[in-house]
Amino acid sequence: MPPAPAVPPLSKPRTGVAAQRFLGGSGVADRRSSAVIGFRKAGKDRAAARSRVRRLAGAAMAVPLAAGALLAAGAGTSAASPGTGPTAVVSMGDSYISGEAGRWKGNSLTNSGSRNGTDRAWVSGSSYDPAKVYGATAMGCDRSDSAEVLSAGAVADVAVNLACSGATSQNVFRASNGGVAFKGEAPQADQLASVAAAKNVKVIALSIGGNDLGFADIIKDCALDFVLWNSYCYDDQQAVVDQKIDGVVAGIGKSVDEIRAVMRGAGYADSSYRIVLQSYPSPIPRGAENRYTQSDWSRLNTGGCPFWNRDSDWARDSLVPQLADRIKGVATAKGVQFLDLRDMLQGREVCAKASKLVSSTVPASAKTSEWARWIDNNETQGPIQESMHPNYYGQLAVGRCLALAVAQPANSGASCKNTAGGDHTGMYLTPAP
């Protein structure tokens, strides 16, 4: 095994000591963890290692269909005015609501076959078809068959998923008001106009802002600081977040305004439907809740969660709450419903002590497996863009959260949490912090 990583100094000298130890160590155990093969075989020089680790930029948010080919359950084609036609629930925004990582039922070190039952895209032998889960949007918007609006159950007659992995606020705005097309599709607000004209929209769930803030870069840089630099990332990253956050919040607020404008233009009164604006869960646990020690390479080689305790604590207890609180402020100011997901994955995160890897003796289970996708840097088990997102079990859980929220008043706010040891049916609401 390589030498154990030393607990980093509080300063950031960027000496490269950890990189030398990691890249120059000998006798690395021949573990086949897809989460880490790319790191372990990074090369013999720092530049090669940094180039490979940069692929993590797609891990958090990455990281195509026209509006007429939307992923919808039972979509009708006849035109309808507000209050007529099939009722619809619509999801808009980024990968956390498009269904990214819905392919996976937990994480397994086995790279062949069904990966111990975790890979829902497995066909037979060594053949995999992501379209089984993502349809025509595989490797694009990644709208999965377990996405939130589909997993929510009987919220409406029809579920329409407009969200797209990697989307920013500009991809939500109308083209006439600064919106930008993305992955071959019109801005999501413009797509919403077509849906609103053909169906009776009752619920619009929105998740946006993470890509504007740079979740992908945060994950990449924090992983680099664990693997290469022997230093913390939280201080530098907090400074970046503080610099960006006001602009991010403005984009979230404008996204809500754009949705309102489209719906009013289609003849809907604000009171005839609801907007559910949601925050983000943390895919990694607090340092004390991580089942792998930070003093060796187990977080990298086995768990696929290469982050220091101090950085994990910052992400879980500072970054995620900071963004959630600001999103709640937008919801309050705009008079829309707030769904707080900051604690949704508690105990179910990648590497959490309360969860387990799937193996030949530990089957995939919503009650024991992780609910988020680990970092698969070498892409031996699917594309990097799936990393650090709620997986199949997590998608079912957040769908249940949406269903519970819709049963509450349209201008309310609530936090969704899971029941330890339970499955998605154990999700419940508490007052939002």
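Observations, loosely collected:
- If you filter region 413-433 down to residues that are buried (at least 17 other Cβ atoms within 10 Å of the Cβ) and of a type in the set (Gly, Ala, Ser), you find that the one that is farthest from Ala354 (Cα to Cα) is Gly413.
- Looking across Ala60, Ala67, Ala79, one residue alone is crowded, with 24+ Cβ neighbours inside 10 Å, modelled with pLDDT under 50 and touching a helix residue (DSSP H, G or I) at 6+ places or on another chain (Cβ under 7 Å). It is Ala60.
- Scope region 351-369; condition open to solvent by 20 Å² or more (accessible area, probe 1.4 Å) and of a type in the set (S, T, N, Q); matching residues: Ser359, Ser360, Thr361, Ser365, Thr368
- Residue ID - farthest from Ala196 (Cα to Cα), chosen from residues in region 105-161 that are β-branched (Val, Ile, Thr) and in contact with a Ser or Thr (Cβ under 6 Å, 6 or more places away or on another chain): Thr118
- Within region 349-369, residues that are more than 16 Å from Lys417 (Cα to Cα) and outside any loop (DSSP other than H, G, I, E, B) sit with their Cβ atoms under 9 Å from residues that are basic (Lys, Arg) and open to solvent by 40 Å² or more (accessible area, probe 1.4 Å), at 6+ positions apart or across chains, in these pairs: Lys356/Arg291; Val358/Lys105; Ser369/Lys105; Ser369/Lys356.
- Verdict on Lys244 being in a helix (DSSP H, G or I) and either closer than 14 Å to Asp311 by Cβ or in contact with a Ser or Thr (Cβ under 7 Å, 6 or more places away or on another chain) (or both): no
- Of the candidates Ser271, Ser312, Ser255, the single residue that is open to solvent by 20 Å² or more (accessible area, probe 1.4 Å), among the small types (Gly, Ala, Ser) and part of a helix (DSSP H, G or I) is Ser271.
- Residue within region 370-379 that is open to solvent by 10 Å² or more (accessible area, probe 1.4 Å) and modelled with pLDDT of 95 or more present: no
For (1) touching a Cys at 6+ places or on another chain (Cβ under 9 Å); (2) closer than 20 Å to Phe215 by Cα, each residue gets a yes or a no:
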{"residue": "Phe307", "(1), (2)": "yes, yes"}
{"residue": "Asp311", "(1), (2)": "yes, yes"}
{"residue": "Asp317", "(1), (2)": "no, yes"}
{"residue": "Val320", "(1), (2)": "no, yes"}
{"residue": "Asp325", "(1), (2)": "no, yes"}
{"residue": "Ala331", "(1), (2)": "no, no"}
{"residue": "Phe338", "(1), (2)": "no, no"}
{"residue": "Val350", "(1), (2)": "yes, yes"}
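- Taking first residues from region 94-110 that are under 18 Å from Trp122 (Cα atoms) and partners that are at pLDDT below 95 and open to solvent by 10 Å² or more (accessible area, probe 1.4 Å), the Cβ contacts under 8 Å between residues at least 6 apart in sequence or on separate chains come to Glu100/Gln385; Arg103/Gly382; Trp104/Gly382; Leu109/Arg31; Leu109/Arg32; Leu109/Thr302; Thr110/Arg32.
- In region 339-349 there is at least one residue matching the filter, namely being closer than 27 Å to Ser114 by Cβ and surrounded by fewer than 23 Cβ atoms within 10 Å (Cβ to Cβ).
- Exclusive hit being in a helix (DSSP H, G or I), among the aliphatic types (A, V, I, L, M) and within 21 Å of Val180 (Cα to Cα), set Ala288, Ala261, Ala239: Ala261
- Within region 299-306, not a single residue is of a type in the set (Lys, Arg), touching a strand residue (DSSP E or B) at 6+ places or on another chain (Cβ under 8 Å), buried (at least 24 other Cβ atoms within 10 Å of the Cβ) and within 25 Å of Thr425 (Cβ to Cβ).
- Every pair of residues 6+ apart whose Cβ atoms lie under 6 Å, when the first sits in region 146-160 and is of a type outside the set (A, V, I, L, M, F, W, C) while the second is assigned to a strand (DSSP E or B) and open to solvent by 10 Å² or more (accessible area, probe 1.4 Å): Asp157/Thr87
Condition check ((1) more than 29 Å from Val123 (Cβ to Cβ); (2) crowded, with 24+ Cβ neighbours inside 10 Å) across all residues:
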residue: Tyr134; (1), (2): no, yes
residue: Ala138; (1), (2): no, no
residue: Asp145; (1), (2): no, no
residue: Ala154; (1), (2): yes, no
residue: Ala163; (1), (2): no, yes
residue: Gly166; (1), (2): no, no
residue: Glu185; (1), (2): no, no
residue: Ala193; (1), (2): yes, no
residue: Lys202; (1), (2): yes, no
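The values are calculated or read from the model by the stated rules, or taken from the named source; none is laboratory data. Since this is a predicted model, take the numbers as computed values, not measurements. We place every Cβ from the backbone using ideal geometry, glycine too, and count neighbours over all the protein chains shown. The accessibility values were calculated without ligands, DNA or RNA, using every heavy atom of the protein model including side chains. Shrake-Rupley method; radii C 1.70, N 1.55, O 1.52, S 1.80 Å.
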